[in-house]
Structure formats: structure tokens, C-alpha cells
Amino acid sequence: MTVRRGLRTTLFAAAMALTALPAAAATKISFYYPVAVGGPITKLIDDYVAGFEKENPDVDIEPVYSGSYQDTITKVLTAMKGGNAPQVAVILSTDMFTLIDEDAIVPFDGMAKTPEDKAFLSAFYPAFMENSQTGGKTWGIPFQRSTIVMYWNKDAFKEASLDPEKPPRSWDEMAQMAAKLTKRDAGGNVTQWGVQIPSSGFPYWLFQALTTENGAKLMNEAGTETYYDKPEVVEALQYWIDLASKQKVHPPGIVEWGTTPKDFFERKVAMMWTTTGNLTNVRKNAAFPFGVAMLPEKKRGGSPTGGGNFYVFKSASPEQQDAAFRFVKWMTTPERAAQWGIDTGYVAVRPDAWETSAMKAYVADFPAAAVARDQLPQATAELSTHENQRVTKALNDGLQAALTGGKPAKQAMEDAQKEADRILKAYR
Amino acid sequence: MPDRRLGSQLAPHVHGWLLLLPAVALLAAFTYFPAVAALWSSLHSTPKGARPARFVGLDQYAAMVDDPVFWQSLWNNVLFALGTVPLSVAIALLMALWVNGRIRGRTALRMAYFTPTMLPMIAVANIWLFFYTPGYGLIDQVLGLFGLPDTNWLGSPATALPALMVVTVWKEAGFFMIFYLAALQAMPPSLREAAMLEGAGRWCIFRRVTLPLLMPTTLFVLVNAVINAFRTVDLVVVMTRGGPDNATALLLYHIYEVGFRYWDTGYAAALTTVLVVILVVLAIGQFVYLDRKVHYR
């Protein structure tokens, strides 16, 4: 089946190549991007591209909406194997090692020739660069980046006689408050949960917040080792399991990522953990006053960063690489980074974006927008290794097994580590 | 003249082969060549960046033995086949008998039973995704009226695979019903009348006359149902992505993940070869073994 699809892709790519016109005066590049949060993202991107083309008439960019992050890397790599890779794309920062191993991308260092360009490479928050650099080279430029934050319903806090302006600061506090916030009807069925941490799709990301707070690291910087079975990691998982099974303040089993904001709007849950990328969505749809807080602490605070970076592809010609680099620079100027953050809720990726007048006015009006930024000094790099998809899936499977009661926490993490060791052996 | 005689002998052969050519060319390009190519790449390592593929013999197959997800998806697939095939075939037969009778509105009923088959699988999966959504979905809304708590049908390993089976049975039964209906319509009424003259009851007629005459259809339906069970992937992609903890990972979905998420094409080719072998064995087994028994003599 695989080969058949591969062949089909190749034929398709060949057909595309035949119909493509000979290179005109303008440099043509195609740009793949995913959409991972609510809102009219495709329209925003089209507007940005039109703006860039107006200022750079010698470049013709074709923006291609390519589904989720997962779909995007699948499409990009399939297109690449068919000889038709895009020239620039937004892909998860964690797929850096995969893209390097596939020999798909070029580092930005070679494209940055002038002193201004070199300064550009160091204009971003260091927390975002951790997933963008390896081996002394910069492979990705931060674009739609986020961290995990906690949203809380102030009305629900009042009803439970809690101070609506004080979110929990520690793990213990969160468990205690969640107990007060959990409401049951006469039949004992829960009508409002205290807290929920989603666990469908990519539970490892939310789990990494818990492990970071418990002082554990999940991988080394070279992306060749994972530490899934360390005691701090198991302890973090046990805390998550206990919220549901022991304290009964968190919904049992797998909590859906996609419906978590809706659960919050419908008052089915009083506190939720989710991405800052949902900020604009929550602001529009929550019919009650809400707060945004940094995640509670155990040994320390913190959250992994997340989201997508710009990558430039190796198969592009030097002119195309130059055009792509100009586009990337244009998309991440302080003003545009600020505007993108305001439009979506993603964290503006560079400190000077927060000094722009647009951003200052936005934060003055809506202080919650700055919470993710203030959490950045404590943020860590998102789990990323060689064979990233596989190594991450090993952890996801272990987490889901433990959360649904299939395996005890310790065994689940030991099995996940064993699987990761098996996969990463070839890279050590 | 010997030459001309040879020519006139060859002509029908050339003619025949020319007629076959379009079909043969398509089958060779899109079925036989990919199958052989999959077998060939399954004996090689996966090319990565600058590292080309090299011959590794049966290493990919040895890795399969150590791959827990492979074994789980194989087992899931067996459960999936056992859960969906007999049930959808039985329901198809019941529906066919029902709409074959002289009842009012039978055309509408036939249409209704056939509707799920006409809907695209992706649409079906999305509809059912809504039914199953905890809290907001149709099932929980209805159960909620009776004061029952929310159930996370797709989020718990115990119910996720059965939930997918329900969708499959719902979708497949109508399709198989059409074959049964056609067979029932083709059945000469004289056989039934003869049995009635002999004083046989309805159940007796069904068991001794109708069912045996339907056996060739049952074989055909069975082969198709089993193959479909091992080919299911769209449902999994839309509804669960194989989760939670691989509880709904079917073989073809595992192949997709290995091939297009991990880009381990060599290993994916080995898995594909195994799937093809399973399907071939099942099809041959059913045809050779059951074929001897299905014909009414």
C-alpha cells in the first residue's frame, strides 16, 4: 500500500512539474502552513502574504493551507519525496531533528549574510530558540509559538467561596481548590469538575508541564536520550492520575483536547490547562469573567514551549532561499509579531514586539495577554528527539495507558522508556 | 503458403492480447508492480537523508516480532473482524428477508437500509464522532435524560474498539443486504411452493430451502466482509487516531503511521507484505474450503 501511494505521489508530482510554467521574472515560492487554533487564520495569512508581495514585487508566494501540524509534516515530506517540496513552511519546532535527519532543510546561518541578518537570528526569546537550534546552527525561526497556561472561571470561584482573584500557586493548592470547585448533583453525578488537563492527541505536551514543575527533564539537548522512567517523572504522572482517581476532582479517563475550551465555556469545568493560542477564543466565548494564570508550582514553575517555526528547504534554489528568508524576516518583524500575537493569542516571539505601541495598548486593555510572556523565563524546550514522532508516541501511549487505568504509573513510564531506548539506539 | 497460415494462426492470439492489454497494463502498473516493489523494499533498510537503502534480509520482519504495537493492532484487527463480520452479515440477511416480503412502503425501506452505504466514510465517521462526544454528543444527551452519567466512549480502551465496530456494522449491513436481496429475488418461487405443498412451516422453509440456496451469496459476502475488516483505516483516522493507548490501532492504520508519520518506509513495506499475505490466505481459505460446502446439491 505504501509503495502504491508513493508511486501515485510521484506521478502526481511529475504531472505538476509538466504543467508548471517556465520560471518567469518573479521568484516563485510555495509556503505550507498549518492551522492549530480557532479563528480566521487562513485569511490572516493570505493578507500577510499579499502585503509582502506588494513590498517585494520580485517574489511570488503561493500560500498553501496544509491541515493540522501532523498533516503538514506528512504533506511536506511526501511532496519532498516526490521532488516537489515547498520552499518554506511552518512546522512544529519539535520536528527539527526529523527534518534534519531527512536532509530536508537548511540552517538559516548560511542565508544570514549581513550583520543585520545575524542580529535578526538572536532577536527572539531564548526559550523559543531552544527548539530551533542544535549543533550550533539555527534551523528554525519562531513564528506561532505558545506555552501552556491555566484559565479559571471567576464566577465559579465566588460560588465556591474562593477569592476569585487568586488562582492556585502550587500543586497542593490546585488540588484543594479543585475539590471545593467540584460540584455533584443529588445522584452523585458531577456537574462541574474542579480542573481538567487534556490528554487526547498529544498528552506528552501537557504532561511535560507537570514534569518541568517537578524538576525533571524529559530529554537531552542532542535529542538522543529520554528520561521517561525517572522518579520525578513517575511522581508527576501519579499526581495527574490521583486528581482523577483519588481526589476525584478531574474527569476520569482521556480528556479531549478539542472540547476542553467548550467544557470551560459550558461551566463543566472551573479551571483548565490549555495553550495560550486559545486566548482570543476564550476571550470571545466565555460568558463569565475569567483569569489567566501561570501554571502552579511544585519544585518550580514552568511549562514547555510549543508551536511552529519557519523552516527553509534545501531543495530550493539560492534565489528561492533568499526570497524565503526575506519572507521569514518580514513575517517576524516586531510589529508583525505583535499583530500576529494580538490576532491569535500566540506569544509574540521577540522581546521588542512587546515594546510596540500596538502591543502596549493591547496589554493595557487585556493584561491576561502578558501572562504567557511572563512565564517564558521559566519555560523549557518541548520534548523533541530524533525520530520525534515515534519517541513521543511511546510516551503518549504510556500516559494514556496510565490515565485510563491500564497500567500503574511506574510501569507505564518504564515501558515507554524501554520503547524510546529501542528507537533511539541507532542515534547514540 | 506457410507464412500466411502462420499469420492466420497468430492473428486471434494477437487480437486477444491486444484486447487484454489495457487491463493488464493497469493491473501491472498499479497492483503487481507495487506489490513486488513492497516485497523488495521490505528486504531493505529505510533510506534516510544521505544514507541510501541497503539490503538487510529479514531484519524488518525480525523487528516486527519485537514491535508491541504490531501485535496489538493485529489482535485488534482479529477482534474487529470477529465483532463486525458475523453481525453485519446476519443483520444484512434479516433486512433482506424483511424488505423482500410484500409489505407497504418497501421501496422506502430498502432505500433507508441502503443509505449508510451511500454516505462517504469520512462523513459517517464525523457524524458518529458527534454521537459519541462525551457530554455534548447525541448518546450522552439521550442517556442524560434518564439521569445516567457521561461516558467517554472513544476515550476509554474498553469501549473505543466496540464503538468503531458499531459504526462499521451500521455502514456495512446495508451494502451486504443488496446482495442477499438480489439472490432472494432470483430464487424460483416454485421451490417455496413445493415445500409448502409438503407441509413445511416458515422456519423449516427458511432453514432447509432459502438458507442453503443463499450460501454462494453468503460466501461472497463473507469474503468481502473479512477483507473490508482488514482494510479499515479511514474510520480510525477520523475518530480515534488509533488511541487511547493503541486500543483502536488496526493493522492498516499502524502501516500508515509507520509509513507516513515515522517515514520508516522499509518497515512499512514489511508490514504491508504481512497484511497482503494475511488477506491472500484468508481469501484462498474461504474460497477453497467453503466453496466445496456452499453449493446446494
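The values are calculated or read from the model by the stated rules, or taken from the named source; none is laboratory data. Everything numeric in this text was worked out from a predicted model, so none of it was measured. Don't worry about glycine lacking a Cβ; one is built from the backbone with ideal geometry, like all the others, and counts go over all protein chains shown. Surface accessibility is based on the protein's heavy atoms, side chains included, excluding ligands, DNA and RNA. Shrake-Rupley method; radii C 1.70, N 1.55, O 1.52, S 1.80 Å.
Points to keep in mind about this one:
- Hz values of 3J(HN,Hα) by residue in the range A:206-217 - Karplus curve (6.51, -1.76, 1.60), Gly and Pro given as x: 5, 5, 5, 4, 5, 5, 4, 5, 8, x, 10, 10
- Reachable lysines, given that their alpha-carbon falls under 27 Å from the alpha-carbon of residue A:262 and they are not under 8 places away in the same chain: A:43, A:154, A:158, A:166, A:180, A:183, A:246, A:248, A:284, A:393
- Here the range B:60-294 is treated as an ellipsoid with the same Cα gyration tensor; its semi-axes, largest first and in whole Å, are 37, 26, 14.
- Computed helical MRE - 222 nm, chain A, DSSP H runs ≥ 4 contributing -39500 (n - 2.57), nearest 500: -13500 deg cm²/dmol
- Scaled radius of gyration (Cα, divided by 2.2 N^0.38 Å) that the range A:162-315 gives: 1.12
- DSSP H segments from chain B that extend 30 Å or more along their own axis, Cα-based, with Kyte-Doolittle mean of -1.0 or above: B:2-27, B:68-100, B:157-186
- Alpha-carbon centroids, the range B:227-250 and the range A:222-284: separation in whole Å: 25 Å
- The label point for residue A:47 and the one for residue B:56, both projected 7 Å from the Cα toward the Cβ, are 4.9 nm apart.
- Solvent-accessible surface (1.4 angstrom probe) belonging to residue B:256, in square angstrom, nearest 10: 50 Å²
- Residue A:319/residue A:343 FRET efficiency (R0 51 Å; Cβ-Cβ; nearest 0.05): 0.95
- R0 of 35 Å, Cβ-Cβ distance residue B:65-residue A:68: FRET efficiency to nearest 0.05: 0.60
- Label sites at residue B:20 and residue A:58, each approximated as a point 7 angstrom past Cα along Cα to Cβ, lie 6.1 nm apart.
- The convex hull around the C-alpha trace of chain A, projected and averaged over every direction, spans 22.1 square nanometres.
- Acute angle (nearest 10 degrees) that the helix A:171-181 long axis makes with the longest principal axis of chain A, alpha-carbon atoms: 70 degrees
- Summed over both chains, the accessible area lost when A and B associate is about 3300 Å², using a 1.4 Å probe.
- Using Cβ point charges alone (K and R +1, D and E -1), the dipole size of the range B:60-294 about the Cα centre works out to roughly 1140 debye.
- Counting Cβ atoms of other protein chains within 10 Å of each Cβ in A:397-404 and taking the mean gives 5.
- For the residues A:417, A:70, A:320, a GNM of chain A with alpha-carbon springs under 10 Å puts the largest fluctuation on A:70.
- Förster radius 25 Å - calculated FRET efficiency between residue A:246 and residue A:425 (Cβ-Cβ, nearest 0.05): 0.10
- With the biggest extent put first, the Cα atoms of the range A:269-428 measure 52, 52, 29 Å across the principal axes.
- The alpha carbons of the range A:111-232 give a radius of gyration and a Dmax of 20.6, 70 Å, in that order.
- Per residue, the range B:60-294 exposes an accessible area of 48 Å² to a 1.4 Å probe, with every protein chain left in place.
- Annotation: for a label point projected 7 angstrom from Cα along Cα→Cβ of residue A:165, residues of the range A:269-293 with backbone N closer than 20 Å are A:288-293.
- Gyration tensor over the Cα atoms of the range A:191-267: the corresponding equivalent ellipsoid has semi-axes (square roots of 5 times the eigenvalues, largest first) of 26, 15, 9 Å.
- On Cα atoms only, tilt of A:231-245 relative to the major axis of chain A in degrees: 60 degrees
- Here the protein assembly as shown has 63 percent of its accessible surface on carbon and sulfur atoms, given a 1.4 Å probe and all protein chains in place.
- Here's the list of lysines a cross-link from residue A:329 could span, going by alpha-carbon distance under 19 Å and ignoring same-chain residues fewer than 8 apart: A:28, A:54, A:113, A:118, A:137, A:314.
- Charges were assigned to the Cβ only: +1 to each Lys and Arg, -1 to each Asp and Glu. The resulting dipole of the protein assembly as shown about its Cα centre is roughly 2460 debye.
- Quick note on the protein assembly as shown: its Rg to Rh ratio, both from C-alpha atoms and Rh being the Kirkwood radius, is 1.03.
- Most mobile of B:23, B:90, B:158 in a GNM of chain B (Cα contacts under 10 Å): B:23
- For the protein assembly as shown, the share of DSSP beta bridges that are antiparallel, to the nearest 5, is 70%.
- Simple label model, 7 Å out from Cα along Cβ direction - residue B:98 to residue B:33, nm: 4.8 nm
- Pairwise centroid distance, computed over Cα atoms, of the range A:355-424 with the range B:68-137, Å: 38 Å
- Of the residues B:190, B:175, B:280, the one whose Cα sits farthest toward the positive end of the charge dipole of the range B:60-294, with +1 on the Cβ of Lys and Arg and -1 on the Cβ of Asp and Glu, is B:190.
- If you run the Gaussian network model on chain B, springs between alpha carbon atoms under 10 Å, then out of B:114, B:80, B:176 the most flexible one is B:114.
- With the convex hull drawn over the C-alpha atoms of the range A:60-133, the volume per residue is 121 Å³.
- In Å², nearest 10: area of residue B:110 left accessible to a 1.4 Å probe: 60 Å²
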